[in-house]
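The values are calculated or read from the model by the stated rules, or taken from the named source; none is laboratory data. The structure presented is a predicted model; accordingly, all values stated were derived computationally and were not measured. Here Cβ is always computed from backbone atoms with ideal geometry, including for glycine, and neighbour counts include all displayed protein chains.
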Amino acid sequence: MRMLIMGPQGVGKGTQAALLAEHYGIPTISTGDIFRYNIKNKTELGLEAMSYTDKGELVPDELTNKIVKDRLAMDDVKNGWILDGYPRNASQVVALDAMLEDLGTPLDAVVALDANHDVLMHRMAKRAEEQGRTDDTPEVIAKRLETYAKETAPLLDTYASRGQLVAIDGEGDVDAIQANIVAALDAR
């Protein structure tokens, strides 16, 4: 199973990706986790990424595409993967399509989670408090949600037109959401 998990910040993509990875026995590839690891360890990549994330901006496509391409070529993803946080704009869809064609690995599904704006704001404020995330201020959160709505949400139409979209309500019990995702994926 090769899938994307998409949705606005705070919708539970990371949580659901981890559960799906365990269920299907495949790794999750989170561009956010890769960037946070590098930021925490103050690597060259981390410092470059931090110059964007601290302002609520997204890391440039060129840098993100390179990381994803390298990761998708690794041995542990030969039987499948879940991409979390990528693609986030139309040019990244084109880049991902090219990567998958080069690797001979088709995309099976795109899981799209959604939730009410107030629910998302509450979840991210709670996450910021629990995890001490400096990139989860109310201003930065609002900017990220606006960017998602403008740049990433329209990609769902692309995947819907390809017959790959699985739309799921991201509000409610975590286990129930996961059960809904698995049922929808297994019914495909």
Query raised in the report: Which one is surrounded by the fewest Cβ atoms within 10 Å (Cβ to Cβ) among residues in segment 153-174 that are without any contact (Cβ under 8 Å) to a residue 24 or more places away in the chain and more than 16 Å from V110 (Cα to Cα)?
Result: D173
**Report entry** Scope segment 126-152; condition surrounded by fewer than 16 Cβ atoms within 10 Å (Cβ to Cβ) and either part of a loop (DSSP other than H, G, I, E, B) or over 19 Å from the mean Cα position of the chain (by Cα) (or both); matching residues
**Finding:** K126, E129, E130, G132, R133, T134, T137, P138, E139
Query - Residue that is at pLDDT 90 or above, crowded, with 20+ Cβ neighbours inside 10 Å, touching a Phe, Trp or Tyr at 6+ places or on another chain (Cβ under 7 Å) and not polar (S, T, N, Q), where the choices are I5, I29 - result: I29
Query raised in the report: Which of the following residues is basic (K, R), at negative phi and surrounded by 15 or more Cβ atoms within 10 Å (Cβ to Cβ): K69, K55?
Result: K69
Query raised in the report: Name the pairs: first residue in segment 69-92 and in contact (Cβ under 8 Å) with a residue 60 or more places away in the chain, second residue part of a loop (DSSP other than H, G, I, E, B), Cβ to Cβ under 6 Å, at least 6 apart or on different chains?
Result: G80/M1; G80/I26; W81/I26; W81/P27
Query - Residues (buried (at least 16 other Cβ atoms within 10 Å of the Cβ) and farther than 16 Å from R127 by Cβ) located in segment 9-22 - result: L19, L20, A21
Report summary line: Conditions (1) closer than 27 Å to G172 by Cβ; (2) assigned to a helix (DSSP H, G or I); (3) of a type outside the set (S, T, N, Q); (4) within 16 Å of the chain's Cα centre (by Cα) -> V110 fails only (2)
Report summary line: With the first residue restricted to segment 121-141 and required to be under 18 Å from D33 (Cα atoms) and touching a residue at least 24 places away in the same chain (Cβ under 8 Å), and the second required to be exposed (fewer than 12 other Cβ atoms within 10 Å of the Cβ) and not basic (K, R), Cβ contacts under 9 Å at 6 or more apart or on different chains are M124/P138
